[in-house]
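The values are calculated or read from the model by the stated rules, or taken from the named source; none is laboratory data. All values derive from a computational prediction rather than experimental measurement. Cβ coordinates were reconstructed from backbone atoms using ideal geometry, including for glycine residues, and neighbour counts include every protein chain displayed. Each accessible area value is taken on the protein alone, full model and side chains, heavy atoms only, with ligands, DNA and RNA left out. Shrake-Rupley method; radii C 1.70, N 1.55, O 1.52, S 1.80 Å.
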Amino acid sequence: MISSSVPKVFCAGADLKERKKMTASEVHSYINYLRSTFSLLEELHIPTIAVIEGAALGGGLEMALSCDRRICGENALLGLPETGLAIIPGAGLVNYCVPAGEAHPKALEIAREINQKGPIAMRMATRAINEGLERDMASALDLEEECYERHLNTKDRLEGLAAFVEKRKPRYTGE
């Protein structure tokens with residue numbers, strides 16, 4: 001879960017006063033650093049949740065979009081003000097909108113639900129979805145098959161099937 005410790009702000013984005021003082025080379029390096037940071041977040045093999053209470057603007061919203069899920073309080077302000085400054089933005093959506101102050105508890109609820117799932121299956125599903133979106137259909141299906149094959153002979157998959165048949169909660173070990 002990614003959240004802010006600052007009240008009413010998830011992440012306000014870049015400091016544009018500082019950015020104005022940067023050379024073109026410094027801006028290029030800064031943008032590449034942000035892209036690699038967001039890419040690393042997107043490529044994590046565990047589900048990520050952005051907890052948005054307050055402003056998520058510009059790069060702050062793009063960081064939230066790098067997460068698998070976004071939970072926002074009803075007072076959240078989401079925006080990409082860059083275009084008004086002739087800067088290229090990304091795009092954005094949320095998975096849940098809850099009353100102000102309740103985004104963190106909702107994100108914890110979802111994280112707990114995710115944690116009860118088979119960890120290997122979650123990693124493989126996350127990988128198949130994140131990487132599959134960037135591929136054509138045939139190679140995305142190949143990736144899905146590869147992820148399934150990696151999960152096929154795990155103890156967790158057998159535990160999930162046994163728990164279903166025995167009508168009990170599974171006890172996953174990550175093996």
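Exactly one residue out of 9, 27 is without any contact (Cβ under 8 Å) to a residue 12 or more places away in the chain, more than 30 Å from residue 120 (Cβ to Cβ), among the β-branched types (Val, Ile, Thr) and assigned by the TED database to the domain that holds residue 92: that is 27. Just one of (1) modelled with pLDDT of 90 or more; (2) closer than 30 Å to residue 57 by Cα fails for residue 165. It is (2).
Take residue 31 and decide whether it is under 17 Å from residue 81 (Cα atoms) and surrounded by fewer than 19 Cβ atoms within 10 Å (Cβ to Cβ).
Criteria met by residue 31.
Could you look through segment 159-175, keep only residues that are open to solvent by 100 Å² or more (accessible area, probe 1.4 Å) and of a type in the set (A, V, I, L, M, F, W, C), and pick out the one that is nearest to residue 124 (Cα to Cα)? Checked segment 159-175; the qualifying residue nearest to residue 124 (Cα to Cα) is 164. The set of residues in segment 122-157 being among the acidic types (Asp, Glu), free of Cβ contacts under 8 Å to residues at least 12 places away in the same chain and assigned to a helix (DSSP H, G or I) consists of 142, 145, 146, 149. Checked against the criterion of being more than 17 Å from residue 47 (Cα to Cα), of a type in the set (A, V, I, L, M, F, W, C) and outside the structural domain of residue 43 (by the TED database), the candidates 125, 162 yield just one match: 162. Scanning segment 1-28 for residues that are among the aliphatic types (A, V, I, L, M), closer than 18 Å to residue 78 by Cα and open to solvent by less than 70 Å² (accessible area, probe 1.4 Å) returns 2, 9, 12, 14.
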